[in-house]
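Values quoted throughout were computed directly from the atomic coordinates according to the rules given, and no laboratory measurement underlies them. Just so we're clear, the structure is a prediction, and the values are computed from it rather than from any experiment. Here the Cβ is made from the backbone with ideal geometry for all residues, glycine too, and neighbour counts use every protein chain on show.
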Amino acid sequence: MIIDERTSRKETLIECARQIMTAGRTAPKGKGIDLIEIVTITDEKIEALSQTMQHIAQETEMHFFQRDAENILQAEAVILVGSRIKEMALNCGYCGFPTCVEKQKHPEAPCAINMVDLGIAIGSMTAKAADLRVDCRVMFSAGLAAKRMGLMPECHSIYAIPISATSKNPFFDRQPKQ
């Protein structure tokens, strides 16, 4: 049997995405409460995400959304990771409110611990991508577009991690949009 890397690349990257998602799931969580959601999109969902990013670029004049919209089309898969909001009853004040009861009056504001957990998950996921020698980049822009599309409706904050396997990482050394 001969397995050609070029013809098996997509299948390989889907398997890598599964392992990267597992790294996010097993990352430490504050108080052991898991509020992280993780999905992977491919093909037509990536195209729809790119189109939404283009619309955001036009609406907001944040031109990097256009650059990133073109960039994710070079990905075989885009992993989306987000956090639901839940106060951790620590009254730590990291969210800007003195107590969790006070923060509950502002349900749109995330708990700081939720956001830290999301950051730790993203770090674990990108470390796993590096272990697998998979090209990746963390993108706020694609995460915001995913949120607008309702791809993870239960999540307050979403980030995207596009992945590819090419001879040069397409997610770096990109030309900035003017």
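Evaluating 6.51 cos²θ - 1.76 cosθ + 1.60 at θ = phi - 60° for every residue in segment 138-143, the Karplus couplings come out as 8, 10, 5, 4, 5, x Hz, glycine and proline recorded as x.
Arg148 to Asp4: FRET efficiency via 1/(1 + (r/R0)^6), r the Cβ-Cβ distance, R0 41 Å, to the nearest 0.05? About 0.60, to the nearest 0.05.
At 222 nm, what helix-only mean residue ellipticity would the chain give, in deg cm²/dmol to the nearest 500, using -39500 (n - 2.57) for each DSSP H run of four or more? Walk me through the intermediate numbers first.
Working: 6 runs with 83 residues, N = 178.
That comes out to -15000 deg cm²/dmol.
Working from label points 7 Å from Cα in the Cα-to-Cβ sense, the Glu11 to Asp173 distance is 3.1 nm.
How much net charge surrounds Ala77 when only other residues with a Cβ under 12 Å from its Cβ are counted (Lys, Arg +1; Asp, Glu -1)? All intermediate terms of the calculation are to be shown ahead of the outcome.
Working: positive: Arg9, Lys10, Arg18, Lys45; negative: Glu11, Glu15, Asp43, Glu76, Asp135.
Net of charged neighbours comes to -1.
Straight-line cross-link reach from Lys103 at under 21 Å between alpha-carbon atoms covers these lysines, not counting any fewer than eight positions away in the same chain: Lys29, Lys31, Lys86.
Within the chain, the percentage of alpha carbon pairs spaced more than 26 angstrom apart rounds to 35%. May I ask you to work out the translational diffusion coefficient for segment 1-83 at 20 °C, viscosity 1.002 mPa s, via Stokes-Einstein with Rh from the Kirkwood sum over Cα pairs, reported in whole µm²/s? Using the Kirkwood radius from Cα pairs, D works out to 145 µm²/s. Which of the chymotrypsin sites (Phe, Trp or Tyr not before Pro) across segment 103-178 are loop residues per DSSP, with 15 or fewer other Cβ within 10 Å? Answer in residue order: Phe172.
Filter the GluC sites (Glu not before Pro) in segment 76-178 to those in DSSP coil with at most 16 other Cβ atoms within 10 Å of their Cβ, and list the result. List each step's numbers first, then the result.
On the way: sites: Glu76, Glu87, Glu102, Glu108, Glu154; in loops: Glu76, Glu87, Glu108, Glu154.
Counting only loop positions with at most 16 other Cβ atoms within 10 Å, the GluC sites (Glu not before Pro) in segment 76-178 are Glu108, Glu154.
Taking 7 Å steps out from each Cα toward its Cβ at Tyr94 and Glu59 produces label points 3.0 nm apart.
Looking at segment 71-171, the pairs of alpha carbons with a distance over 18 Å make up 53% of the total. Think of segment 1-148 as a dipole: +1 on every Lys or Arg Cβ, -1 on every Asp or Glu Cβ, centred on the Cα centre; then among Ala77, Gln58, Ala130, Ala130 lies furthest on the positive end.
Taking θ as phi - 60° and the Karplus parameters 6.51, -1.76 and 1.60, the scalar couplings of segment 78-85 work out to 10, 8, 10, 10, x, 10, 7, 9 Hz in sequence order, x denoting glycine and proline. In sequence order, segment 2-7 has phi-based couplings of 10, 10, 8, 4, 5, 7 Hz under the Karplus curve 6.51 cos²θ - 1.76 cosθ + 1.60, θ = phi - 60°, and Gly or Pro positions carry x. GNM on the chain, alpha-carbon springs under 10 angstrom: the most fluctuating residue among Asp34, Asp43, Asp68 is Asp43. Summing Cβ point charges (Lys, Arg +1; Asp, Glu -1) relative to the Cα centre of the chain gives a dipole of roughly 360 debye. Distance between the modelled labels on Arg67 and Arg133, one decimal in nanometres: 2.9 nm (7 Å Cα→Cβ projection).
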